[in-house]
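Enquirer: Sharing a structure here in structure tokens format.
The values are calculated or read from the model by the stated rules, or taken from the named source; none is laboratory data. If you're wondering where the values come from, they're calculated on a predicted model, not measured in any experiment. In case anyone asks, the SASA skips ligands and DNA or RNA and just uses the protein heavy atoms, side chains included. Shrake-Rupley method; radii C 1.70, N 1.55, O 1.52, S 1.80 Å.
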Amino acid sequence: MHAPDPPGHPPGHLAPHIPADHWNRANATGAPVVIVVHTTDPNGIPWRRIVITLGVAGAAAMGCWGLVVALCALLDATAHAATVIATAAGPIGVGGITLRLNRTKH
């Protein structure tokens, strides 16, 4: 809550630029006080909204590409590990069936 306005001053902080004598004269005569507030209409491109939208879309695209690169790296490491294991293991036999995982060099 704020303190009440002193007598002879316009109410609130709407228009502190109204001189006190004009305000008192309007109160004494009952004349209306017209307060004009100038605003600017946004009639251009809303750049802030566009830049934020592009930033979010760009971040999402970069995140997706990061996931793709990470998946490719994981698959490459898996293929390399499988190759190393297959080379070291040699033929694998289970129940009379032998599976040769790599080719022998002639």
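Enquirer: Just subtract the alpha-carbon distance of residue 75 and residue 24 from 0.36 nm times their residue separation and send over the number in nm, one decimal.
Expert: Net length gain for the segment: 10.1 nm.
Enquirer: Rank 34, 56, 68 by accessible area, highest first, at a 1.4 Å probe radius?
Expert: I get 34, 56, 68, largest accessible area first.
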